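J.: My questions all concern the structure below.
Bear in mind that the values in this text are calculations on the coordinates, not laboratory data. The structure presented is a predicted model; accordingly, all values stated were derived computationally and were not measured. Methodologically, a virtual Cβ is constructed for each residue, glycine included, from the backbone with ideal geometry; neighbour enumeration extends over all protein chains shown.
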Amino acid sequence: MKVTFTQAEVSAIVQPIRTEGSTAESVRGIATLGSAEPGDLSFLGNPKYKTSVPASRATVVLLPLDYDGKPGPGQVYLFVDNPSVALARLCSRLEQELWPRPAAGVHPTAVVAPGARVAATATVGPLCVVEDGARIGESVHLQSGVFVGRGSVVGDQSWLMHGVVVQAECTIGRRVRLHPGVVIGADGFGYEFVGGRHEKVPQVGTVDLGDDVEIGANTTIDRSRFERTSVGEGTKIDNLVQVGHNVAIGKHCMICAQVGIAGSCTLGDYVVVGGQSGLAGHLTVGSGAMLAARSGVKDDIAPKTSVWGSPSLPLLLEQKIIILRNRLPELFRRVDALEKAAGLEQPKAPRGRA
Amino acid sequence: MKVTFTQAEVSAIVQPIRTEGSTAESVRGIATLGSAEPGDLSFLGNPKYKTSVPASRATVVLLPLDYDGKPGPGQVYLFVDNPSVALARLCSRLEQELWPRPAAGVHPTAVVAPGARVAATATVGPLCVVEDGARIGESVHLQSGVFVGRGSVVGDQSWLMHGVVVQAECTIGRRVRLHPGVVIGADGFGYEFVGGRHEKVPQVGTVDLGDDVEIGANTTIDRSRFERTSVGEGTKIDNLVQVGHNVAIGKHCMICAQVGIAGSCTLGDYVVVGGQSGLAGHLTVGSGAMLAARSGVKDDIAPKTSVWGSPSLPLLLEQKIIILRNRLPELFRRVDALEKAAGLEQPKAPRGRA
Amino acid sequence: MKVTFTQAEVSAIVQPIRTEGSTAESVRGIATLGSAEPGDLSFLGNPKYKTSVPASRATVVLLPLDYDGKPGPGQVYLFVDNPSVALARLCSRLEQELWPRPAAGVHPTAVVAPGARVAATATVGPLCVVEDGARIGESVHLQSGVFVGRGSVVGDQSWLMHGVVVQAECTIGRRVRLHPGVVIGADGFGYEFVGGRHEKVPQVGTVDLGDDVEIGANTTIDRSRFERTSVGEGTKIDNLVQVGHNVAIGKHCMICAQVGIAGSCTLGDYVVVGGQSGLAGHLTVGSGAMLAARSGVKDDIAPKTSVWGSPSLPLLLEQKIIILRNRLPELFRRVDALEKAAGLEQPKAPRGRA
């Protein structure tokens, strides 16, 4: 973040109830209390860090009304109802500076087929390709180098970053954000083994992303064999995730980075999948279920249950078994002692390897 | 799939032996018997779903000759020798509609070096880059935004989707399909640690993909240090897979999503690698071997053997050990009881954590 | 590698102390002694392969001064101080042939904003996009299809391959190499759960890559919430790695393929992370620590320690426990025998499943 604000501009955004001190320095960054340097704005979001405020070198500090202290020279304390909310307001403003709304229109280097329909309020950036029959909705922003294939639809206010690929006949909802390198609608991985070769099963379905979906960089969501692969309204997917063909993900789920969801899985609403987890094909995961990071799931998961491990178990059981696994050296010694006490013969050969 | 067919068009493709009923509605999608809605075509591929036929709302249903039943009003039953084969024929036709053969020629926005050779029957789509000395074979389709580096060869009838990158001096066989974001021939990961720094080991080899290879979106296959990284004829690789430098993958393998194959591994023919598995460097995997999903392999695997787990074991042994691992709480209780019966002292401190 | 050298050209590069034999054949590849064919150059890098030299079909062989033997007809032995060093010299030369320095200047199809500053010695290849306020340093090479966002800086002599994306306000050091599909500065994955929906937390920080960093194909490094995500000087990152927001990676680390580092982790210098490992958020990994492949880390790691497993343990302990885990069938049998000897009742129901 290299945008700069004057003290007056910051105050106009966060609207402090009380101000102490003043500065001629402009705010050029946001930082935690401990790491802030002159030119940074910081904030006391959690009372337990109160003691870090006096030593903070931040030029501007957002503080709760009940904070008791005075700024140093050239430092400003802005007292607000809720410093976290004030910070969020500032960040939203910064986000607008970082991603200014581009002018509507089609860049002259973009290749838009005559049969495509682009809303007058949409922006099609440099070097985009929009194929025949595609529809680009109101206020959509295709950043640059974006591909929207034949017959696909991008809903109003959606935002596709550089290099996003939407293959033919897919539907992107409204206010969707796709980060660079996302691939929507590549073929699902389906073959039949015939005569010693893998014959391709045509993948003639589509992908359907609901409203307010956000998908991280280089994530891939395959088109279905037929019907549709779908991601429900409000679901957020992180980077480098693989979603196989015919998968149906519900609403408001959180799918963390590098997760893999094999073909034909069905996830309910509000499911949380921790990073690097994997789901085998054709599973059903109930609404509100939680998969801890690196879970490997091969059975259905009931609604509102938590699992962990690979193959995954109920969370509490897996936690218990991990502790017991770590006690295996002790357990082997105890069984050795029992055998000795009972006068039983003990295995010898492999012991030395442990 | 949003292409539409009239009843007559469907019949022309699947050539039913017998037809019952008729409809003026056009077929706009394919769906399973249970999920089909009016406008969909469905099929009875497996006799066990026979009872789902009468309630299906599909407008057209493909049925085996021995199915006994009558369509509802506005519904059509098409009786065929093999509904699955008939469906496959329809899907192939749909695939042609979804991916119409583009006209041959080089799009005016493509950047093709004067020293590149592009076959007259090939299509080089918008915004592609073809460097000097590259050769693009007969009927090749570079969709758009594709990069083919200096001296690389793309074999006849291959199909490179939007944003595929083929770095310099690589060879792509015939009828190869590379999905969006595939990167062929980036540098292998090789360094020597000299004087406190990682000095790059030049990666001056190539990548060689055999005929009929298909590679999923955003998968990466690194060029070798010297010689070549190779993928054999007919091998299929899913999305987000990493293939390291100097790897040799045999013919007709199946590599599922998010697998990582470290440098200098050799895989035989007909190897199947389950999703999210990883292979350490310099391993040999025999022909016909099978790695279950999420296997972590650090030793060679003999031909036609199956492994699972991380570090992987023979499949049946791993299955057995997973069951025993889940019984650890029971085993600790049993050892407790034995010690009590034998009057032996029992460990106390860590027990409470489990 | 398809570049060719005559015998004289090879000699000029490796400067042999002594030469035996001669050939009119040109060298077209490099191969190991055993796999070399006529037209290849090979080398004896390790004395233990000495016996493979006489049978090698390589046209040119680099040998140590003390090697005792004569080339076959049409074969050349070049005796040098250190064959590995000589090979490296040849490979560096090959690398120059493979990646010839392009002419400086901006390709006419590139889209460079008027407010961007491009050094006169830099090369901006076909179909690149350089936004307003971006600065491209001396001798930088943007291969083609590269995106450099508003206000971002690319340091001198850096090299960004086809399709690399650097979002707004990021900083790339000097002599950095980014392979195809790398995404720098996509939004971090941050939401607050408000009223049944995931509300986006603006990600208004940046990414800062140090000098001499190299990053593999399709790896993603997210911008921070505020402040910066950073990668230290000399660190090398392989393909398909995910680096979350606010992560700080130190100098001269090695991060292997498909690793995932969750948000706000801090890694010291000279950390090695094996392939497919994952780190939970907010962890600290000390300098010189080593994570074996497929480690799943959820606790801080002390400097210079090695860990393995998921959840990870100290390396030697994990090695021991893996061996004991594999002996679980034996342990259950031993406990069975103990119970039998002690006259204790044994569990029955689940046994059959193992």
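J.: Compute log10 of I(q)/I(0) for chain C with the Debye formula, placing one identical point scatterer on every Cα and leaving out solvent, at q = 0.06, 0.13, 0.15 Å⁻¹, to two decimals.
T.: -0.37, -1.04, -1.14
J.: Hey, another quick one. Counting only other chains, what is the mean number of Cβ atoms within 10 angstrom of the Cβ of each residue in peptide A:132-145?
T.: The per-residue average across the peptide is 2.
J.: Relative contact order of the stretch C:7-98: what whole-number percent is it, with Cα pairs under 8 angstrom and at least 6 residues apart?
T.: 32 percent.
J.: Could you tell me what fraction of 2.2 N^0.38 Å the Cα radius of gyration of the stretch B:106-220 comes to, as a two-decimal ratio?
T.: Relative to the rule-of-thumb radius for its length, the stretch B:106-220 sits at 1.12.
J.: Just the Cα atoms of the stretch B:7-98: what Rg and Dmax do they give in Å?
T.: Values for the stretch B:7-98 (Cα only, Rg and Dmax): 11.7, 34 Å.
J.: A further question follows. FRET efficiency for C:Arg197 and B:Ala55, Cβ-Cβ distance as r, R0 = 30 Å, nearest 0.05?
T.: 0.25
J.: Another one. DSSP beta bridges in the stretch B:105-316, what fraction antiparallel, as a percent rounded to 5?
T.: Of those bridges, close to 10 percent are antiparallel.
J.: Can you tell me, using C-alpha contacts under 8 Å and at least 6 residues apart, the relative contact order of the stretch A:106-316 as a whole percent?
T.: 9 percent
J.: Let me ask you something else. Please tell me which of these pairs span more than 23 angstrom C-alpha to C-alpha: B:Lys251/C:Lys236; B:Lys236/C:Lys298; A:Lys48/A:Lys70; A:Lys340/C:Lys340; A:Lys298/A:Lys320?
T.: Long pairs (Cα-Cα over 23 Å): B:Lys251/C:Lys236; B:Lys236/C:Lys298.
J.: Could I ask something else about it? Evaluate the relative contact order of chain C (contact order divided by residue number), counting alpha-carbon pairs under 8 angstrom at least 6 apart; express in whole percent.
T.: Worked out over chain C, it gives 6 percent.
J.: Using only the alpha-carbon atoms, what does the stretch A:222-270 span along each of its principal axes? Please give whole angstrom values in decreasing order.
T.: 26, 20, 12
J.: When A:Leu33, B:Leu62 are ordered from fewest to most other Cβ atoms inside 10 Å of their Cβ, what list results?
T.: The fewest-first ordering by Cβ neighbours comes to A:Leu33, B:Leu62.
J.: Restricting things to alpha carbons, find the Rg to Rh ratio for the stretch C:301-345 using the Kirkwood radius for Rh.
T.: Reported Rg/Rh, Kirkwood definition of Rh: 1.29.
J.: In the protein assembly as shown, what % of DSSP beta bridges are antiparallel (nearest 5)? Each step should come with its number before you reach the end.
T.: Numbers: 33 of 237 bridges.
Approximately 15 percent, going by the DSSP bridge assignments.
J.: Something else now. Report, largest value first, the span of the C-alpha coordinates of the stretch A:108-165 along each principal axis, in whole Å.
T.: Rounded to whole Å, the extents work out to 22, 20, 20 Å.
J.: Which GluC sites (Glu not before Pro) in the stretch B:246-354 pass both tests, a DSSP loop state and at most 16 other beta-carbon atoms within 10 Å? Could you put the intermediate results ahead of the total?
T.: On the way: sites: B:Glu318, B:Glu330, B:Glu339, B:Glu345; in loops: B:Glu345.
Sparse-neighbourhood loop GluC sites (Glu not before Pro): B:Glu345.
J.: At 222 nm, what value in deg cm²/dmol follows for chain C if DSSP H runs of at least 4 each add -39500 (n - 2.57) and the sum is divided by all its residues, to the nearest 500?
T.: The helix contribution divided over chain C gives -4500 deg cm²/dmol.
J.: Put +1 on the Cβ of every Lys and Arg and -1 on every Asp and Glu Cβ in the stretch B:7-98; which of B:Ala24, B:Ser52, B:Leu65 then has its Cα farthest towards the positive end of the dipole?
T.: Comparing the listed Cα positions along the dipole, B:Ser52 ranks first.
J.: Quick one: label points 7 angstrom along Cα→Cβ at C:Glu199, distances to the other copies in nm, smallest first?
T.: Distances between equivalent label points, in nm: 5.6, 5.6.
J.: For the stretch B:62-166, what size does the Cα cloud have along each of its three principal axes, sorted from largest down, in whole Å?
T.: Taking max minus min along each principal axis of the Cα atoms, the stretch B:62-166 gives 65, 23, 22 Å.
J.: I've got another one for you. Cut-off is 10 Å between beta-carbons; in what order do B:Val153, B:Val307 appear when sorted fewest neighbours first? Walk me through the intermediate numbers first.
T.: Details: B:Val153 20, B:Val307 25.
Fewest-to-most Cβ neighbours within 10 Å comes out as B:Val153, B:Val307.
J.: While we're here: log₁₀ I(q)/I(0) of the protein assembly as shown at q = 0.10 Å⁻¹, via Debye over equal Cα point scatterers, no solvent, to two decimals?
T.: -1.30
J.: When the Cα centres of the stretch B:83-114 and the stretch A:207-266 are compared, how far apart do they sit, in Å?
T.: Between the Cα centres of the stretch B:83-114 and the stretch A:207-266 lies a distance of 25 Å.
J.: Can I ask one more? What number comes out for the charge environment of B:Thr219, summing +1 per Lys or Arg and -1 per Asp or Glu over other residues with Cβ under 15 Å away? Don't jump to the answer; show the numbers that get you there.
T.: Working: positive: B:Arg177, B:Arg223, B:Lys236; negative: A:Asp187, A:Asp222, B:Glu214, B:Asp222, B:Asp238, C:Asp238.
Computed value for this residue: -3.
J.: Another question, if that's okay. How many nm separate the modelled label positions at A:Ala341 and C:Leu65, each set 7 Å beyond the Cα in the direction of the Cβ?
T.: Computed distance between label sites A:Ala341 and C:Leu65 equals 7.1 nm.
J.: Which distances in nm, rounded to one decimal and ordered from shortest, link the label point of B:Ala120 to the equivalent label points in the other identical copies, with labels set 7 Å from Cα toward Cβ?
T.: Copy-to-copy label distances at B:Ala120, shortest first: 4.7, 4.7 nm.
J.: I want the antiparallel fraction of DSSP beta bridges within chain B, as a percent rounded to 5.
T.: Given both bridge residues lie in chain B, the antiparallel proportion sits at roughly 15 percent.
J.: Plugging the Kirkwood radius over Cα pairs into Stokes-Einstein for the stretch B:105-316, at a temperature of 37 °C and a viscosity of 0.692 mPa s, what D comes out in µm²/s?
T.: Roughly 190 µm²/s, to the nearest whole number.
J.: What does the highest-first list of B:161-173, B:9-21, C:115-127 look like by mean Cβ count within 10 Å?
T.: B:161-173, C:115-127, B:9-21
J.: When Cβ neighbours within 10 Å are restricted to other protein chains, what is their mean count per residue of peptide A:171-181? Mind showing how you got there, number by number?
T.: Working: counts 1, 0, 0, 0, 0, 0, 3, 0, 9, 14, 13.
Counting Cβ atoms of other protein chains within 10 Å of each residue's Cβ and averaging gives 4.
J.: So what are the radius of gyration and Dmax for the Cα set of the stretch C:218-354, in Å?
T.: For the stretch C:218-354, the Cα radius of gyration and maximum Cα-Cα distance read 20.5, 67 Å.
J.: Shifting gears a bit: Got a sec? How would C:Cys265, B:Cys253 order by Cβ neighbour count within 10 Å, fewest to most?
T.: C:Cys265, B:Cys253
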